[in-house]
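Working notes for the structure below.
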Amino acid sequence: MFTLVVPLQAELPELLHASREDTTWVVTITLLVAAVATPISGRLGDMYGKRRVVLVLLALLVAGSLIAAVAGSIVGVIIGRALQGAVTGVIPLGIAIMRDVLPPERLGTAVALMSATMGVGGALGMPIAAYLALHTDWHALFWLAAALGAVGLPLVALFVPGDVLRTAGRLDLLGAAGLALGLTGILLFVSRGAEWGWGAPLTLSCGIGGVIVLLLWGWYQLRATDPLLDLRVAARPAVLFTNIAAIGMGFALFSSNVTFPQMLELPVASGSGFGLDMMQAALIVMPAGLVMMVISPLSGWLERTIGPRPLFTGGTAAIVLAYVFVLLWSSEVWHILAANIFIGIGIGFTFAAMPMIIMRSVPAHETGASNGLNALFRSVGTSSASAVMGGVLAAMSTDFEGRAVPSREAFEVCFWLAIAAGVIALVLSLLIPKQPTGERHPSLPG
C-alpha cells in the first residue's frame, strides 16, 4: 500500500487535475492513517478478537481500493487511500495471533516471516506498480489492491485460528481520539514541514500542538481506569529502547526507498544518476525485500539460538555498514544493488527481533497493542525519512537542462543521515536488557 502509487507521483497532478501540493496527500494520508490506526487496532484486537479485527481491516482495504479505483477526482482517491492505510494494523495483529497459538520452537521463524512481508510487499509493489503504470490505466493499481484484499479475507476466515486470549474492558474512545489527534499533528509537521516551510505558522502549529496533545494524552492514560495503552508497560527499558530504536530502523529503511530509485533514474549527464528507466530501477531495488523473505528462517533460528537482542544489534550493524559502503562506493549500479541487499538483511534481522523483544517484555494480553505501538514508531521513522531526505535533495539541487536535480553531495548527506540513524539504533540495542523481565505467555520461552 505504501509503494503502490510511488511510480505515479510525478504524474498525479495531471492524472487527477489537481495541484502538486494536493496530490502529495495521496501518499501522505495513507501514512497518517496507518500510524494512527495501528496501535488502536492492536488494542481492539486484544479486546474483541484479533482475527475479527484483521477481517475488518481487510474489508476496509477492499472498500478503500474500490473507492479509489472508481474515483474520478482527487477527493475520492484520497478517501480510498486513507482506508487502505488502516490495513497496516494486520502486521502486529498477525504477530500477536502467532504468539497466542504457535509453539515456542515455531514462533521466532513465524514472526520473522511475518515481519519480512513488510519489506517484500514494498519491494514487489514497486516493479508491479511501475509495470501497470507504464502499460495500463492507472486505476488498475487500485483494482489489484482490491483483488489482494478480496483473496485475503476468505483465507484469514478459513485458516487463521480464533483467539485464545482476550482482554476484558472497553475501548478508551477519548484516548483513541487524543492519540489520533496528537499523532496527526506530529506526522503532518514531519511529512509536510519541508513543503510548508519549517518556520511557517501552520507547520509550527501542527508540531507544537501535536506534542501538547500527546503529553496530555499520556497524563490521561496514566490515570485512566481502562487506558488505550498501558504506558507503564511501554516504559519498561526493553520496550522503550526497542521502540525508540524502531524510529531509526524505519528511517534507515525508507531512506533507501527515497534515495536509491532517484539515483538510479537520474540522467548520467547530470553527474548524479545512472540513467535507468522506472522499471529497471524498481528491479534493482526489489531484491532487498526478497532477501528479507529468504533470510526469515535464519532470523528465526538465530533468535532461538542467541536471543532477539543480539539479532537486533547485528541487524543495525549491517544497516550502518551498508550505508557506509554506498557512501564510499556508489559509482556503479551494482554498488547500489549490493548496499540495498545488505540493508534488506539488516531490516530483516531487526524487524524479526523487535516483536520478540517486546513479546518477552509485556503481558500476553498487551501483545497486540504493544506491537502496534512498535509499528507506530517505525511509521514515525519512515515518515521522517521521507520528509528529511526530500528536503535535503530539494535544497541541494542543481540546474540540469532547465530542471532541478539533486546533486551528488545531496545524496552523500542523505547517506550520512541514514548512518547516524543506524548508529543511534545500534547504541540503543546495546542498552536493551539481556533478559527482559515481565509476565510472559506460557508458551513463550523466557
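Taken as a whole, the condition of being in a helix (DSSP H, G or I), open to solvent by less than 40 Å² (accessible area, probe 1.4 Å), touching a Ser or Thr at 6+ places or on another chain (Cβ under 9 Å) and at pLDDT 80 or above does not apply to Phe241.
Residue count for region 54-86, restricted to those that are under 17 Å from Leu144 (Cβ atoms), open to solvent by 10 Å² or more (accessible area, probe 1.4 Å) and in contact with a Ser or Thr (Cβ under 9 Å, 6 or more places away or on another chain): 1.
The sole residue among Gly209, Gly149 that is surrounded by 19 or more Cβ atoms within 10 Å (Cβ to Cβ) and modelled with pLDDT of 85 or more is Gly149. Only a single item in (1) open to solvent by 10 Å² or more (accessible area, probe 1.4 Å); (2) under 30 Å from Lys434 (Cβ atoms) is not met by Ala269, and it is number (2). Note on region 43-53: among residues that are among the basic types (Lys, Arg) and open to solvent by less than 20 Å² (accessible area, probe 1.4 Å), the one that is modelled with the lowest pLDDT is Arg43. Comparison of Gly85, Gly119, Gly89, Gly108 shows that the only residue that is assigned to a helix (DSSP H, G or I) and in contact with an Asp or Glu (Cβ under 7 Å, 6 or more places away or on another chain) is Gly108. The one condition from (1) closer than 26 Å to Leu144 by Cβ; (2) open to solvent by 10 Å² or more (accessible area, probe 1.4 Å); (3) under 17 Å from the mean Cα position of the chain (by Cα) that Ile40 does not meet is (1). The residues listed here are Leu393, Leu417, Leu430; of these, the one that is closer than 25 Å to Met263 by Cβ, at pLDDT 90 or above and not basic (Lys, Arg) is Leu417.
Residues of region 13-26 that are without any contact (Cβ under 8 Å) to a residue 24 or more places away in the chain and either open to solvent by less than 30 Å² (accessible area, probe 1.4 Å) or in a helix (DSSP H, G or I) (or both): Pro13, Glu14, Arg20.
Scan region 340-366 for residues that are over 16 Å from Ala112 (Cα atoms), among the β-branched types (Val, Ile, Thr) and buried (at least 24 other Cβ atoms within 10 Å of the Cβ) and jot them down. Within region 340-366, just Val362 meets the criteria.
Taking region 281-306 as the range and being open to solvent by less than 10 Å² (accessible area, probe 1.4 Å) and among the hydroxyl-bearing types (Ser, Thr, Tyr) as the test, the residues that pass are Ser296, Ser299. In region 216-253, the qualifying residues are those that are among the hydrophobic types (A, V, I, L, M, F, W, C), in contact (Cβ under 8 Å) with a residue 60 or more places away in the chain and out of contact with any Phe, Trp or Tyr (no Cβ under 9 Å at 6 or more places or on another chain), and the one that is farthest from Val362 (Cα to Cα) is Phe251.
Here's the yes/no breakdown for (1) modelled with pLDDT of 85 or more; (2) open to solvent by less than 20 Å² (accessible area, probe 1.4 Å); (3) within 13 Å of Thr28 (Cβ to Cβ); (4) under 25 Å from the mean Cα position of the chain (by Cα):
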{"residue": "Val164", "(1), (2), (3), (4)": "no, no, no, no"}
{"residue": "Arg170", "(1), (2), (3), (4)": "no, no, no, no"}
{"residue": "Ala176", "(1), (2), (3), (4)": "no, yes, no, yes"}
{"residue": "Leu179", "(1), (2), (3), (4)": "no, yes, no, yes"}
{"residue": "Gly182", "(1), (2), (3), (4)": "yes, yes, no, yes"}
{"residue": "Phe189", "(1), (2), (3), (4)": "no, no, yes, yes"}
{"residue": "Glu195", "(1), (2), (3), (4)": "no, no, yes, yes"}
{"residue": "Trp198", "(1), (2), (3), (4)": "no, no, no, yes"}
{"residue": "Pro201", "(1), (2), (3), (4)": "yes, no, no, no"}
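Within region 1-10, being in contact (Cβ under 8 Å) with a residue 24 or more places away in the chain and either assigned to a loop (DSSP other than H, G, I, E, B) or surrounded by fewer than 22 Cβ atoms within 10 Å (Cβ to Cβ) (or both) holds for Met1, Phe2, Thr3, Leu4, Val5, Val6, Leu8. Can you find a residue in region 272-280 that is assigned to a helix (DSSP H, G or I), without any contact (Cβ under 8 Å) to a residue 12 or more places away in the chain and farther than 18 Å from Leu393 by Cβ? No, there is no match, as no residue in region 272-280 is assigned to a helix (DSSP H, G or I), without any contact (Cβ under 8 Å) to a residue 12 or more places away in the chain and farther than 18 Å from Leu393 by Cβ.
The values are calculated or read from the model by the stated rules, or taken from the named source; none is laboratory data. Just so we're clear, the structure is a prediction, and the values are computed from it rather than from any experiment. Methodologically, a virtual Cβ is constructed for each residue, glycine included, from the backbone with ideal geometry; neighbour enumeration extends over all protein chains shown. Surface accessibility is based on the protein's heavy atoms, side chains included, excluding ligands, DNA and RNA. Shrake-Rupley method; radii C 1.70, N 1.55, O 1.52, S 1.80 Å.
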